[in-house]
Amino acid sequence: MGTRRMPAPIENPLSGVGVGLRPTHYQAILDNAPRIDWFEALTENYLVGGGQPLYYLDAIAERYPIALHGVSLSIGSTDPLNRVYLHELKTLAARCRPALISDHLCWTGIDGMNTHDLLPLPYHEETLKHLTRRIRQVQDILDRPLVLENISRYVSFSASTFSEWGFLATLTRETGCRLLLDINNIYVNAHNFGFSATDFIDGIPVDAVAQFHIAGHSVQQALLIDTHDQPVSPPVFNLLTHALARFGAQPILLERDDSIPPLDELVGELDTARQLLAAHQSNTSE
């Protein structure tokens with residue numbers, strides 16, 4: 001695919017454990033200074049001209065590191081990249097100085113229509129070439145590496161010639177992008193499609209990962225569904241331990257998008273991830 005200057009590595013000031021920044025918790029964060037190391041803000045909530053969202057984002061960004069996480073890039077679509085969106089994102093990044101900017105390895109619409117869902121891609125050479133070109137364009141606009149999350153999916157494509165992890169490994173080598181490795185999505189997909197979750201993790205280059213996500217899922221008949229409305233399950237925490245052993249002490253984000261509990265309850269759930277992270281660091285320092 002040719003050679004090209006890769007974007008500079010992420011100088012990632014994130015460490016420890018974080019949660020998604022949700023409006024229901026804004027004031028509690030400012031009032032109580034919870035034991036949370038950083039927050040991940042949903043990009044689209046803050047692409048506004050002013051008002052309460054930006055007020056709270058500014059106030060919280062003064063006290064905690066921030067990461068931006070989007071759902072609208074649609075990097076896999078065949079529609080032209082939305083350059084208005086990308087320049088708005090760059091302006092927002094200049095405002096809140098995020099440690100990293102991430103989105104999803106998916107497509108969300110075509111012909112100007114948005115499905116408001118994260119749709120999967122076939123893993124073959126044509127997709128790889130298409131994504132490589134578009135990721136390079138995004139990185140040129142943002143002037144930083146793009147971080148892409150592996151999604152949960154409920155279909156597979158007969159045209160795929162790569163495993164999911166083989167595709168991700170090749171994509172990071174070709175573009176210099178990094179991965180937001182969603183541990184729950186790996187677990188959900190492994191269960192639903194019958195592959196080994198540890199094989200997935202072991203197939204990703206050690207230097208490709210910038211962040212972890214953990215979340216809860218629901219059981220619907222024989223399927224696991226990535227609903228983000230449940231506590232993190234013990235098998236997902238076990239898989240996180242395996243990921244820490246492979247990739248080191250990457251920052252860990254607890255996602256909760258529905259049935260959102262009070263902040264102190266989330267902090268309690270974060271403590272499990274914090275303990276796993278501390279155990280990993282203790283073992284590697286011995």
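The values are calculated or read from the model by the stated rules, or taken from the named source; none is laboratory data. These figures come from a predicted structure and were not determined experimentally. Counting neighbours? That spans all protein chains shown, and the Cβs are built from the backbone with ideal geometry, glycine included.
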Flagged pairs (Cβ under 8 angstrom, 6 or more apart or on separate chains; first in region 135-152, at negative phi and acidic (Asp, Glu); second crowded, with 20+ Cβ neighbours inside 10 Å and part of a helix (DSSP H, G or I)) are GLU149/ASN185
Given (1) out of contact with any helix residue (DSSP H, G or I) (no Cβ under 7 Å at 6 or more places or on another chain); (2) part of a strand (DSSP E or B), ASN283 misses just (2)
If we keep only residues of region 186-222 that are without any contact (Cβ under 8 Å) to a residue 12 or more places away in the chain and in a helix (DSSP H, G or I), then the residue nearest to SER233 (Cα to Cα) is ALA190
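Filter region 1-40 down to the residues that are at pLDDT below 80 and polar (S, T, N, Q), then identify the one that is nearest to ASP143 (Cα to Cα).
Pass one, region 1-40, residues at pLDDT below 80: 1-12.
If we keep only those that are polar (S, T, N, Q) as well, we get 3, 12.
Values: THR3: 18, ASN12: 15 Å.
Among those residues, the one meeting the criterion is ASN12.
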- [ ] Would you mind stating whether ASP140 is of a type outside the set (Val, Ile, Thr), surrounded by fewer than 16 Cβ atoms within 10 Å (Cβ to Cβ), closer than 18 Å to GLU88 by Cα and at pLDDT 95 or above?
- [x] yes
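For region 75-113, give me each residue that is without any contact (Cβ under 8 Å) to a residue 12 or more places away in the chain and either farther than 26 Å from TYR64 by Cβ or in contact with a helix residue (DSSP H, G or I) (Cβ under 9 Å, 6 or more places away or on another chain) (or both). Break it down stepwise before answering.
At the first step, the residues of region 75-113 found to be without any contact (Cβ under 8 Å) to a residue 12 or more places away in the chain are 80, 82, 84, 91, 94, 113.
If the condition is that a residue be without any contact (Cβ under 8 Å) to a residue 12 or more places away in the chain and either farther than 26 Å from TYR64 by Cβ or in contact with a helix residue (DSSP H, G or I) (Cβ under 9 Å, 6 or more places away or on another chain) (or both), then PRO80, ASN82, VAL84, MET113 are the ones that fit.
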*over 24 Å from ASP103 (Cβ atoms) and not aromatic (Phe, Trp, Tyr) - does that describe any residue in region 36-49?*
no
Reported set for region 17-63 where residues are touching a strand residue (DSSP E or B) at 6+ places or on another chain (Cβ under 8 Å) and without any contact (Cβ under 8 Å) to a residue 40 or more places away in the chain is PHE39, LEU42, LEU57, ILE60
Exactly one of ALA279, ALA249 is in contact with a Gly (Cβ under 9 Å, 6 or more places away or on another chain) and of a type in the set (Gly, Ala, Ser), and that one is ALA249
Being in contact with a Cys (Cβ under 6 Å, 6 or more places away or on another chain), modelled with pLDDT of 95 or more and on the phi < 0 side of the Ramachandran plot narrows ALA67, ALA94, ALA99, ALA61 down to just ALA61
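Given the criteria buried (at least 21 other Cβ atoms within 10 Å of the Cβ) and within 16 Å of ASN150 (Cα to Cα), does ILE225 qualify?
Answer is no for this residue.
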If we keep only residues of region 168-185 that are surrounded by fewer than 24 Cβ atoms within 10 Å (Cβ to Cβ) and farther than 24 Å from PRO235 by Cβ, then the residue nearest to the chain's Cα centre (by Cα) is ARG178
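Tell me yes or no: at least one residue of region 165-184 is over 30 Å from ASP140 (Cα atoms), touching a residue at least 12 places away in the same chain (Cβ under 8 Å) and among the hydroxyl-bearing types (Ser, Thr, Tyr). Steps first, answer last, please.
Within region 165-184, the first condition is being over 30 Å from ASP140 (Cα atoms), and the residues that meet it are 184.
Narrowing the set further to residues that are touching a residue at least 12 places away in the same chain (Cβ under 8 Å) leaves 184.
Those still in the list that are among the hydroxyl-bearing types (Ser, Thr, Tyr) too: none.
The answer is no; no qualifying residue exists.
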